[in-house]
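Reviewing the structure listed below.
Readers should treat all values here as calculations from the given coordinates under stated rules, not as data from a laboratory. Here the structure is a predicted model, which is why all the values come from computation and not from measurement. Glycine gets a Cβ as well: all are built from the backbone with ideal geometry, and neighbour counts include every protein chain shown.
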Amino acid sequence: MKIAQILQLEPQQQALTVQGWVRTFRANRFIALNDGSCLGNLQCVIDFEQTEESLLKKISTGAALSLSGKLVASQGAGQKVELAVEKISLLGAADPEEYPIQPKKHSLEFLREKAHLRVRTSTFSAVMRMRSALAFAVHQFFQQKGFYYVNTPVITGSDAEGAGEMFRVTTLDPKNPPQTDEGHIDYSQDFFGKETNLTVSGQLEAETYALGLGEVYTFGPTFRAENSNTTRHLAEFWMIEPEMAFYDLNDNMDLAEAFIKSVLGYVLEHCQEDLAFLDERFQKEEQAKPQQQRSSMGLIEKIRFVVDHQFIRISYTEAIEILKNSSPNKKKKFTYPIDDWGVDLQSEHERYLVEKHFNCPVILYDYPAKIKAFYMRMNDDQKTVRAMDILFPGIGEIVGGSQREERLDVLEERITAMGIDKKELWWYLDLRKFGTAPHSGFGLGFERLVQFATGMGNIRDVIPFPRTPQNASF
Ligand code: ATP
Ligand code: MN
């Protein structure tokens with residue numbers, strides 16, 4: 001039986017077997033056993049006089065055990081039930097001289113080096129259970145709304161996605177690649193007969209499905225070869241990309257806001273134990289920070305705030321006005337000062353808006369066309385496009401989306417202006433030739449959502465095996 005179930009039972013001398021890993025072993029008598037099913041451990045009490053000396057020696061933190069016995073009321077404080085053990089089978093010992101996860105506080109940096117074992121700590125098991133619950137909530141939200149889950153390709157032949165630097169996929173010999181007469185690498189001899197990369201976004205393909213299935217979403221891995229060594233960037237991350245026919249930008253913003261509130265509401269309801277633990281951890285971490293950088297709210301409070309409050313919606317132009325007149329801008333505290341309309345917003349600006357000015361999630365919309373992708377719908381002012389980003393406290397950008405340009409002539413013009421090869425996008429342009437319709441979509445970085453929901457400061461700690469520059473261990 002799983003420990004999560006056992007801890008709900010009334011003690012009635014029932015016979016059970018549990019299997020899990022030792023968290024602690026005290027006084028040759030008390031084993032705290034954890035099986036990953038919940039945060040809590042089951043206290044298992046053994047009779048050391050009846051247990052062989054050689055077996056006792058092998059019970060140590062990290063060992064895998066199968067324990068059978070009777071469930072009784074606990075004598076000690078801190079738990080309602082405990083297992084009076086009658087039979088111990090050692091499934092696998094863990095030599096305490098070598099096993100790195102000891103019952104003490106390890107730093108997150110240390111645990112990143114032990115990513116194959118870190119899920120055996122309370123923090124990481126709580127984070128990963130929350131991650132799983134959030135993934136379920138994502139599917140539930142869209143499925144209940146009648147969206148279809150589509151799987152867009154991981155290997156892409158279109159180099160026009162434009163969302164970031166890509167990783168090449170090739171089977172050519174790196175030492176001696178075939179060359180064309182002009183001395184370029186001859187990709188016609190590569191596996192796919194052309195240059196291919198790992199996808200940076202499933203959007204373009206998802207659009208084709210939206211214009212047939214109506215409302216769709218993707219939820220899959222995406223790859224960016226940017227050398228961004230930050231606490232919010234991974235080279236491999238999971239993205240959720242809904243794409244909807246007949247939605248304009250307002251519908252898109254409404255959906256994104258409802259979606260985020262729904263999945264966060266789900267974990268508030270279903271992950272209470274893990275959340276309470278992570279909240280305590282979060283507040284301790286915050287206490288260690290200088291006063292000005294401290295979060296004014298606890299973790300659960302922060303999540304509840306987002307669920308209960310309407311996101312602020314302002315245009316890029318309004319945001320620039322606020323930033324221009326802000327005190328950090330006037331005092332030249334921004335690394336990138338805001339002088340003119342048209343500049344791209346840096347994370348320092350996004351954080352100012354969200355954490356200082358509004359103190360609330362913010363949706364920015366109608367960005368300058370120049371700083372946004374070719375597929376975003378041009379506004380009548382011919383200067384801005386129907387883009388929207390959702391900015392979150394402590395996270396920055398969590399969603400990027402837009403209404404897509406559905407007019408063939410306007411789209412072609414933008415593609416040419418941006419120096420993209422039209423031939424590569426023939427199938428994307430076909431959508432505008434055959435039954436084009438207004439449509440919209442967005443991308444939400446799943447790990448940034450998990451970061452927000454768990455209060456973890458570094459994105460490397462919310463995915464089992466992070467891929468970042470210079471790091472693809474495990
Ligand atoms: P940023 O400006 O933060 O680098 P972006 O504008 O490049 O993000 P988009 O192309 O709009 O990102 O991607 C959509 C979403 O995917 C973002 O809002 C973010 O939540 C997430 N995301 C983007 N890049 C990464 C990354 N390298 N690691 C993790 N999540 C990411
Ligand atoms: Mn973006």
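Nothing charged except the Cβ atoms of Lys and Arg (+1) and of Asp and Glu (-1): what's the magnitude of the dipole of the range 333-424 about its Cα centre? Round to the nearest 20 debye. Mind dumping the intermediate values first?
On the way: 13 positive and 18 negative charges, 23 e Å.
Charge dipole, the range 333-424, about its Cα centre: 120 debye, nearest 20.
Given +1 on the Cβ of Lys and Arg, -1 on the Cβ of Asp and Glu, and no further charges, what dipole in debye does the chain carry about its Cα centre, rounded to the nearest 20? Please report the intermediate quantities before stating the final value.
Values: 53 positive and 65 negative charges, 336 e Å.
Charge dipole of the chain: 1620 debye, to the nearest 20.
Between residue 181 and residue 465, what FRET efficiency follows from the Cβ-Cβ distance if R0 is 51 Å, with the result rounded to 0.05?
Step by step, r from the Cβ atoms, then E = 0.75.
Take every Cα-Cα distance within the range 317-431, group them into 5 Å bins from 0 onward, and report for each bin the whole-number percent of pairs it holds.
Percent of pairs per bin, in order: 2, 11, 20, 19, 16, 12, 9, 7, 3, 1, 0.
In Å, the Kirkwood hydrodynamic radius of the range 394-474 over pairs of distinct alpha carbons? Intermediate values should be presented prior to the final figure.
Values: mean 1/r = 0.0624 Å⁻¹.
In the range 394-474 this quantity evaluates to 16.0 Å.
What spacing in nm lies between the two simple spin-label points modelled at residue 154 and residue 310, each 7 Å away from Cα in the Cβ direction?
Computed distance between label sites residue 154 and residue 310 equals 4.3 nm.
In Å and on Cα atoms, what radius of gyration and Dmax does the range 301-347 show?
Both quantities, over Cα of the range 301-347: 13.7, 37 Å.
Based on Cα positions only, what radius of gyration and what Dmax would you give for the range 213-260, in angstroms?
Both quantities, over Cα of the range 213-260: 13.9, 38 Å.
Between the alpha-carbon centers of the range 257-281 and the range 143-207, tell me the distance in whole angstrom.
If we compute the Cα centre of each part, the gap is 36 Å.
If you count, for each residue, the other Cβ atoms within 10 Å and average over each peptide, how do 100-111, 66-77 line up from highest to lowest?
On the way: 100-111: 12.8, 66-77: 14.5.
With the highest mean Cβ count within 10 Å placed first, the list reads 66-77, 100-111.
With 10 Å bins from zero, work out the P(r) of the range 3-103 over every alpha carbon pair and list the percent per bin.
Percent of pairs per bin, in order: 16, 53, 27, 3.
Roughly how big is the range 3-103's charge dipole about its Cα centre, with Cβ charges of +1 (Lys, Arg) and -1 (Asp, Glu), in debye to the nearest 20? Write down the numbers at each step before the final one.
On the way: 8 positive and 11 negative charges, 49 e Å.
Around 240 debye, computed over the range 3-103.
For the chain, restrict the atom set to alpha-carbon positions and state the Rg and Dmax in Å.
Answer for the chain, Rg first and Dmax second: 26.6, 85 Å.
Specify the inter-centroid distance of the range 39-68 and the range 376-423, based on alpha-carbon positions, in whole Å.
Result: 60 Å between the Cα centres.
Within the chain, which complete DSSP H helices have Cα atoms spanning at least 30 Å along the helix axis and a mean Kyte-Doolittle hydropathy of -0.5 or higher? Write out the running numbers ahead of the final one.
Working: long enough: 122-144 (32 Å, 0.37); 249-270 (31 Å, 0.26).
Both cut-offs are met by 122-144, 249-270.
For the range 120-177, what does the alpha-carbon gyration tensor say about shape, rounded, prolate or oblate, given a ≥ b ≥ c as the root eigenvalues, a/c under 1.5 as rounded, and a/b over b/c as prolate? Don't jump to the answer; show the numbers that get you there.
Details: a/c = 3.48, a/b = 1.57, b/c = 2.22.
Since a/c reaches 1.5 but b/c is at least a/b, the shape of the range 120-177 is classed as oblate.
What whole-number value in cubic angstrom gives the convex hull volume per residue for the C-alpha atoms of the range 247-380?
134
Straight-line reach from residue 194: which lysines have Cα under 25 Å away, leaving out those fewer than 8 places along the same chain?
Straight-line reach from residue 194, under 25 Å: 175, 422, 423.
Note down the Stokes-Einstein diffusion coefficient of the range 29-75 in µm²/s, whole number, using a Kirkwood radius over alpha carbon pairs, 25 °C, and 0.890 mPa s.
The diffusion coefficient I find is 205 µm²/s.
Distance between Cα centroids, the range 287-338 to the range 357-372: provide it in whole Å.
12
Along the charge dipole of the range 3-103, which of 64, 9, 34 sits closest to the positive end, that is, farthest toward it, with unit charges on the beta carbon of Lys, Arg, Asp and Glu (+1, +1, -1, -1)?
Of the candidates, 9 comes out farthest on the positive side.
Of 332/383; 145/356; 104/356; 2/87, which sit over 25 Å apart, Cα to Cα?
Violating the 25 Å Cα-Cα cut-off are 332/383; 145/356; 104/356.
Points 7 angstrom from Cα along the Cβ direction at residue 86 and residue 357: gap in nanometres?
About 6.9 nm, to one decimal.
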